[in-house]
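Right, one structure below, let's go through it.
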Amino acid sequence: MPTENISFKKTGYFSPLICDYINESSEIQKFYSHFPNNENFKIQIAEKRKSFNSVSRSVLVSVLTNQYTNLTPSPLTLKNIKSLEQENTFTVTTGHQLNIFTGPLYFLYKIISTINLAKQLKQSYPDCNFVPIYWMATEDHDFEEINYFNFKGKKIKWNKSSSGAVGALSTEGLKDVFEVFSKEIGVGKNADYLKNLFSKAYLNHDNLAEATRFLADELFSDYGLVILDANNSELKRQFIPFIKEELLNETSFKLVSETNKQINALSKDYQIQVNPREINLFYLAENLRERIVFENGKYKVVNTNISWSKEVILKEVEMYPERFSPNVIMRPLYQEVILPNLCYIGGGGELAYWFQLKQLFNEVNVPFPMLLLRNSVLIQSENQHKKLQKLNISSEDIFLKRNTFINKKVREISNIEIDFSTQKELLQKQFQELYKLADQTDKSFLGAVKSQEMKQLKGLSNLEKRLLKAQKRKLQDQVSRMTTIQNELFPNQSLQERNTNFSEFYLEYGEELIPKLMASLKPLQLEFLILTL
């Protein structure tokens with residue numbers, strides 16, 4: 001399997017903040033604890049070993065054991081769950097929404113990055129155990145983000161009204177989605193496997209959480225993946241002190257707001273991912289997940305008639321902690337309280353909002369995990385690889401935005417020079433002489449000289465664009481072939497991994513797909529992988 005790597009920065013698809021993080025810029029080091037390299041895990045292990053107790057381990061193992069009751073996980077997954085009772089066992093975690101049929105490709109890359117990092121750490125630290133965790137985002141309520149997947153340019157969508165946490169959502173109606181998918185996917189061994197997988201996951205399970213757990217287990221159980229639904233009363237009972245702190249003192253609002261100011265002060269290119277609320281908790285009930293606010297001396301659930309005094313809401317927390325759902329600000333803290341976790345693996349946007357939380361973790365005295373950018377992959381076939389070579393398109397070229405890509409390639413293959421940089425430089429030198437002349441004779445002419453310079457430079461630029469446009473027409477066949485190959489690899493002019501569903505590649509490569517990805521993705525390499533299958 002030929003592979004090639006390109007830096008995340010050169011792809012043009014990753015933010016300045018993430019690129020600076022990968023390069024270990026000193027300016028942003030205060031927003032995380034330890035950079036994810038092999039040596040630093042020793043420090044992280046020591047910190048987590050001190051802070052995570054045996055009671056929390058027992059609760060975690062008990063909950064996981066119960067959640068796997070209706071599955072037949074692999075011996076390795078069962079071994080991993082059991083090992084979490086031991087003080088020398090730690091987790092590596094990724095999280096993702098409950099997208100229908102996994103959603104975009106990067107769902108696979110997140111989990112494979114997590115599994116491979118756990119393997120690599122075991123080699124480096126053989127006296128410890130490392131368990132890969134997939135944290136199902138069962139408490140999310142953004143149904144519109146997860147109710148579809150793309151297949152060969154078509155959106156296969158689950159049309160359903162939804163309220164409350166998506167994990168509890170009934171799978172009723174997914175039979176219609178299955179029938180649409182079955183028609184699109186065709187026949188054959190690999191198509192039959194995918195249809196069977198969809199059917200077993202979504203038509204044989206009552207809710208989205210159970211369906212997603214089954215699906216992820218089917219794909220990754222052989223590699224020891226452990227799947228966690230943290231929407232659980234036993235787990236949330238451990239989070240009670242932090243829920244109370246949030247309700248009484250608005251701690252996360254104050255600290256994250258301060259961190260956001262610090263990030264904004266560093267660079268206008270650093271985008272804030274999330275802004276905290278005064279209270280960063282939802283209230284969770286059947287078909288309900290709404291924000292908790294404090295108004296006029298009362299705690300209230302927005303869009304409902306539910307309200308409490310301070311004393312009553314604290315009793316509610318004690319009696320029913322499962323009713324309090326952390327939002328995007330508090331969820332990472334919840335994760336680190338209930339898991340013996342060393343590292344969180346996520347996309348660029350996820351890591352960016354984790355940076356906003358470092359001060360909060362310090363304040364509540366919970367170790368901040370290492371943050372690792374998940375593997376990113378562009379999969380190309382042998383045939384596509386040969387086409388790129390024939391068209392003399394480099395790995396850096398193919399990532400360029402459409403107009404830049406075509407303009408660059410037209411200039412390269414054209415038999416005439418379509419770059420007026422030399423002419424513009426010569427023109428500017430000539431005008432320097434005119435500026436001197438105007439300055440020596442009548443300074444009121446300086447404005448007229450400047451105006452004429454700008455007019456002529458603009459004329460040259462327009463002429464350059466017209467010439468380029470004419471060459472595009474003349475080289476239309478080559479331009480068309482280059483555009484076609486880029487469209488194949490970058491559907492909708494976006495990264496393949498953010499658009500395409502794994503089923504397209506499973507149809508082509510079958511049961512070899514995941515093992516090939518497993519063999520190719522190196523989580524600590526921190527470069528974008530181009531993989532020829």
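The values are calculated or read from the model by the stated rules, or taken from the named source; none is laboratory data. Since the structure is predicted, the reported quantities are computational estimates derived from the model, not experimental observations. Counting neighbours? That spans all protein chains shown, and the Cβs are built from the backbone with ideal geometry, glycine included. Ligands, DNA and RNA are stripped out before the accessible areas are found, and what is left, the full protein with its side chains, is counted by its heavy atoms. Shrake-Rupley method; radii C 1.70, N 1.55, O 1.52, S 1.80 Å.
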- Message: Under 10 °C and 1.306 mPa s, how fast does segment 19-160 diffuse according to Stokes-Einstein, given a Kirkwood radius computed over C-alpha pairs? Answer in µm²/s, whole number.
- Response: 89
- Note on the structure: Sorted by chain and then number, the residues having a modelled amide H within less than 5 Å of the amide H of Phe324, at least 5 places away or on another chain, are Leu284
- Classified through the alpha carbon gyration tensor (a ≥ b ≥ c as square roots of its eigenvalues; rounded if a/c is under 1.5, else prolate when a/b is larger than b/c, else oblate), segment 207-345 comes out oblate
- Note on the structure: Here segment 150-163 yields Karplus 3J(HN,Hα) values (6.51, -1.76, 1.60; θ = phi - 60°; whole Hz; Gly and Pro given as x) of 9, 9, 6, x, 10, 8, 9, 10, 9, 8, 7, 7, 9, 8
- Message: Give the residue list of trypsin sites (Lys or Arg not before Pro) in segment 208-289 that are DSSP loop and have at most 14 other beta-carbon atoms within 10 angstrom.
- Response: Lys268
- Query: Using the heavy atoms of the protein chains alone and a 1.4 angstrom probe, what is the accessible area of segment 115-174 per residue in square angstrom?
  - Reply: 44
- List the GluC sites (Glu not before Pro) in segment 133-210 that DSSP assigns to loop (not H, G, I, E or B) and whose Cβ has at most 16 other Cβ atoms within 10 Å. Which are they? Glu172
- Using a simple spin-label model with points 7 Å from Cα along the Cα→Cβ vector, what separation in nm is obtained for Thr422 and Lys254? 6.7
- For Lys122 and Lys429, extending 7 Å from Cα along the Cα-Cβ vector and measuring point to point gives, in nm, a value of 6.7
- Item | Label point distance in nm, Ser395-Asp142, each placed 7 Å from Cα along Cα→Cβ | 3.1
- Item | the chain: angle of helix 54-67 to the longest principal axis, Cα-based, in degrees nearest 10 | 80
- Message: For Lys42, give me every one of the aspartates and glutamates with a C-alpha distance below 13 angstrom, ignoring sequence neighbours fewer than eight places off in its own chain.
- Response: Asp127
- FRET E, pair Ser307, Asp269, Förster distance 35 Å, beta-carbon r, rounded to 0.05: 0.25
- Query: Using a simple charge model, +1 on the beta-carbon of Lys and Arg, -1 on the beta-carbon of Asp and Glu, nothing else, what dipole does segment 230-292 show about its Cα centre, in debye to the nearest 20?
  - Reply: 60
- Charge dipole (segment 132-211, unit charges on Cβ, about Cα centre) - positive-most of Val177, Asn204, Tyr193: Tyr193
- Derived scalar couplings ³J(HN,Hα) [segment 243-260; Karplus, 6.51 cos²θ - 1.76 cosθ + 1.60; whole Hz; x for Gly, Pro]: 5, 5, 4, 5, 5, 7, 10, 6, 4, 5, 4, 5, 6, 5, 4, 5, 5, 4
- Item | Rounded accessible area of Met136 (nearest 10 Å², 1.4 Å probe) | 0
- Tell me, what % of the accessible area of the chain is carbon and sulfur with a 1.4 angstrom probe? 47
- Query: For segment 384-397, in order, what is each residue's ³J(HN,Hα) by Karplus, 6.51 cos²θ - 1.76 cosθ + 1.60 with θ = phi - 60°, in whole Hz (x at glycine and Pro)?
  - Reply: 5, 4, 5, 4, 4, 5, 5, 7, 6, 9, 7, 5, 6, 4
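Report the convex hull volume per residue for segment 429-531, counting only C-alpha atoms, in Å³.
203
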- Item | Quotient of C-alpha Rg and 2.2 N^0.38 Å, computed over segment 472-520 | 1.54
- Putting +1 on Lys and Arg Cβ atoms and -1 on Asp and Glu Cβ atoms, find which of Gln356, Pro276, Ile379 reaches farthest to the positive end of the dipole of segment 275-413. Ile379
- Mind checking segment 332-403 for trypsin sites (Lys or Arg not before Pro) that DSSP puts in a loop (not H, G, I, E or B) and that have at most 15 other Cβ atoms within 10 Å? Lys401
- Query: By its C-alpha gyration tensor, with a ≥ b ≥ c as the square roots of the eigenvalues, how is segment 340-456 shaped: rounded for a/c under 1.5, else prolate for a/b larger than b/c, else oblate?
  - Reply: oblate
- Message: Tell me whether segment 88-184 comes out rounded, prolate or oblate; compute the Cα gyration tensor, take square roots of the eigenvalues as a ≥ b ≥ c, and use a/c under 1.5 as the rounded threshold.
- Response: prolate
- Interchain or sequence-distant (5+) residues whose placed amide H lies within less than 5 Å of the amide H of Asn129 are Thr89, Phe90
- When every protein chain stays in place and a 1.4 Å probe is rolled, His141, His96 sorted by accessible area with the largest first are His141, His96
- Rounded to the nearest Å, the spacing of the alpha-carbon centers of segment 459-533 and segment 286-321 is 49
- To the nearest 20 debye, segment 241-368 has a Cα-centred charge dipole, built from +1 on Lys and Arg Cβ and -1 on Asp and Glu Cβ, of 200
- Query: To the nearest 0.05, how large is the calculated FRET efficiency for Met319 and Glu508 if R₀ is 45 Å and r is the Cβ-Cβ distance?
  - Reply: 0.25
- When the C-alpha atoms of the chain are aligned to their principal axes, what extent does each axis show, in angstrom, from largest down? 87, 62, 51
- Report the charge-dipole magnitude of the chain in Debye, nearest 20, computed about the Cα centre from +1 at each Lys and Arg Cβ and -1 at each Asp and Glu Cβ. 1600
- Note on the structure: Given all pairs of distinct Cα atoms, segment 1-42 yields a Kirkwood Rh in Å of 12.1
- Note on the structure: Set Lys152/Lys387; Lys154/Lys469; Lys401/Lys522; Lys48/Lys516; Lys175/Lys195, cut-off 23 Å on Cα-Cα distance; pairs above it are Lys154/Lys469; Lys401/Lys522; Lys48/Lys516
- Nearest 5 is fine: what % of DSSP beta bridges in the chain come out antiparallel, could you say? 50
- Under 5 Å from the placed amide H of Asn207, counting only residues 5+ away or on other chains, we find Thr171
